[in-house]
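In what follows, a single structure is set out as structure tokens and then discussed.
The values are calculated or read from the model by the stated rules, or taken from the named source; none is laboratory data. Being a predicted model, the structure only gives us computed values, none of them experimental. Heads up, the Cβs are rebuilt from the backbone with ideal geometry, glycines too, and the neighbour counts pull from every protein chain shown. Calculation scope for accessible area: heavy atoms of the full protein, side chains included, ligands and nucleic acids excluded. Shrake-Rupley method; radii C 1.70, N 1.55, O 1.52, S 1.80 Å.
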Amino acid sequence: MTIHIGAEPGQIAETVLMPGDPYRAKWAAETFLDDPKLVNEVRGMLGFTGTWKGHPVTIQGSGMGMPSLSIYANELTRDYGAKTLIRIGSCGAMQPDIKVRDLVLAMTATTLSTPSRGIFGDLNFAPCADWGLLQAAAAEARNHNVATHVGGIYSSDVFYDERPDLNEQMVRHGVLAVEMEAAELYILAARHKLRALAVLTVSDHLLTGDALPSEEREKSFGQMVEIALAAAFAG
Ligand code: HPA
């Protein structure tokens, strides 16, 4: 047990999928894993461990935002030995050629700040995805008939953004989409020698105001789980 995860030693797999929403973790585990078992319910941040094609997998909610994800990613890694962390979540598109429902694979993530800011000081560290996972996810996405975009995203600390001027600069510099977790996930992966990737579905569009209807969110989410699992165990 850790402060935020109630699992016993050995109950967490080396491969962990991390949706923001704990109920998505439950749905994904019950839908895609064999023999899923609840391994964490501290603070309602549900985590389940089961197997996929015989491989042990944990699906653990991360909560929203980098401070929350950082707590779970640190404990999963340091205390339970997790080695591959794949975020599955939603994002808001920032480019005109990206549409709601499209898939975004985050190669890197721009930020204003992350929980690791204090370590880096003046340094602008460039967080990046694991190349093997990124390549495998892009290959798997071709089996899913979904428009897929690979590139830089923005990991924001705020959902209700008060800096449209910054968004303008990101649009201008080709940032694909905004979400709230990937940058710190990638920084922790660099620090702890993990493999990490963020697989994201476009749930809304910052330029057009389009939004994914709620009944379609489950389908898109299932697709991300399949892509993340295939990428984790490719090759
Ligand atoms: N902002 C931040 N995070 C998000 C958004 C957004 O517009 N859409 C989905 N996740």
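What the table shows:
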quantity: Calculated FRET efficiency for the pair M1/Y23, C-beta based, R₀ 22 Å, to 0.05; calculated: 0.45
quantity: For H4, net neighbour charge (Lys/Arg +1, Asp/Glu -1) across residues whose Cβ lies under 13 Å away; calculated: -1
quantity: Under 11 Å, Cβ to Cβ, from C91 - net charge with Lys/Arg +1 and Asp/Glu -1; calculated: -3
quantity: Residue-count net charge about E218 - beta-carbon cut-off 15 Å; Lys, Arg +1, Asp, Glu -1; calculated: 0
quantity: Span from the segment 26-45 Cα centroid across to the segment 55-108 one, whole angstrom; calculated: 16 Å
quantity: Nonlocal amide H pairs with A177, under 5 Å, H built at 1.01 Å; calculated: M94, Y154
quantity: Listed residues T58, S116, A73: farthest to the positive end of the dipole of segment 50-169 (Cβ charges); calculated: T58
quantity: Accessible surface, the chain, averaged per residue in Å² (probe 1.4 Å); calculated: 47 Å²
quantity: Spin-label model distance (nm) - D79 vs E216, 7 Å beyond Cα toward Cβ; calculated: 4.0 nm
quantity: Lys/Arg +1, Asp/Glu -1 at C-beta; the chain dipole; positive extreme among I88, V42, A126; calculated: A126
quantity: The chain - mean residue ellipticity at 222 nm from DSSP helices (-39,500 (n - 2.57) per run, n ≥ 4, rounded to 500); calculated: -10000 deg cm²/dmol
quantity: GNM top mover of I98, I59, I119 - the chain, alpha-carbon springs below 10 Å; calculated: I119
quantity: Full-extension gain in nm, D161 to A126, via 0.36 nm per residue minus C-alpha separation; calculated: 10.3 nm
quantity: Length released on extending from H173 to S113, taking residue separation times 0.36 nm less the Cα-Cα span; calculated: 19.8 nm
quantity: D204-K53 pseudo-label distance in nm [points 7 Å out on the Cα-to-Cβ vector]; calculated: 3.5 nm
quantity: Most mobile of A109, A13, A139 in a GNM of the chain (Cα contacts under 10 Å); calculated: A139
